[in-house]
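All remarks here apply to the structure that follows.
The values are calculated or read from the model by the stated rules, or taken from the named source; none is laboratory data. These figures come from a predicted structure and were not determined experimentally. Here the Cβ is made from the backbone with ideal geometry for all residues, glycine too, and neighbour counts use every protein chain on show.
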Amino acid sequence: MSHYEQPSRLGHLLQRIVRSKGLAEQSSGQELNKIWKASAGERVAARSHVRRLRGGILEIGVSNGTILEELRSYLQHELLTTMQQRHPEPPIKSLKFIKTR
């Protein structure tokens with residue numbers, strides 16, 4: 001065994017620890033929420049948040065019914081394009097808006 005293999009092993013170990021503690025998902029979720037808030041604008045951002053990104057579908061929780069309908073009816077395409085540009089990886093294929101409390 002060569003001493004040059006150590007950093008690789010340490011890197012893999014750290015990745016496993018981060019994944020097992022859920023830190024990677026938490027950090028990714030926080031970054032996505034930050035991008036969402038900047039993309040959605042102050043009024044919409046105040047009443048919405050990123051719930052999760054799974055299978056290319058970005059779920060957004062919305063606490064206001066009027067804003068929920070506005071997002072679904074008028075703003076979805078524009079915000080999807082903006083989110084795709086600001087967060088290319090992993091790719092966002094669609095937005096799903098969910099009523100929350």
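Do you know which of the residues in the stretch 89-101 that are within 11 Å of the chain's Cα centre (by Cα) and assigned to a loop (DSSP other than H, G, I, E, B) is surrounded by the fewest Cβ atoms within 10 Å (Cβ to Cβ)? Walk me through it before giving the result.
Within the stretch 89-101, the subset within 11 Å of the chain's Cα centre (by Cα) is 89-92, 95.
Subset that is assigned to a loop (DSSP other than H, G, I, E, B): 89-92.
Details: 89: 5, 90: 13, 91: 9, 92: 20.
Per the criteria, the residue is 89.
Being surrounded by 11 or more Cβ atoms within 10 Å (Cβ to Cβ) and in a loop (DSSP other than H, G, I, E, B) is the filter here; which residues of the stretch 52-88 pass it?
63, 64, 87
Checking residue 31 against (1) in a helix (DSSP H, G or I); (2) at pLDDT 95 or above; (3) not polar (S, T, N, Q), which test does it fail?
(2)
Which residue pairs have Cβ atoms closer than 6 Å, lie 6 or more positions apart in sequence or on different chains, and pair a first residue in the stretch 81-93 that is closer than 13 Å to residue 28 by Cβ with a second residue that is at pLDDT 95 or above and in a helix (DSSP H, G or I)?
87/35; 92/83; 92/84
Restricting to the stretch 23-81, name every residue that is acidic (Asp, Glu) and under 15 Å from residue 93 (Cα atoms).
Our first condition is that a residue be acidic (Asp, Glu); within the stretch 23-81, this holds for 25, 31, 42, 59, 69-70, 78.
Selection gives 59, 78.
Which of the residues belonging to the stretch 34-51 are in a helix (DSSP H, G or I), in contact with a helix residue (DSSP H, G or I) (Cβ under 9 Å, 6 or more places away or on another chain) and of a type outside the set (Lys, Arg)?
First pass over the stretch 34-51, keeping only residues in a helix (DSSP H, G or I): 34-40, 42-45.
Adding the requirement that they be in contact with a helix residue (DSSP H, G or I) (Cβ under 9 Å, 6 or more places away or on another chain) leaves 35-40, 43-45.
Result: 35, 36, 38, 39, 40, 44, 45.
Among the residues of the stretch 45-78, how many are over 13 Å from residue 33 (Cα atoms) and of a type outside the set (S, T, N, Q)?
Number of matching residues: 15.
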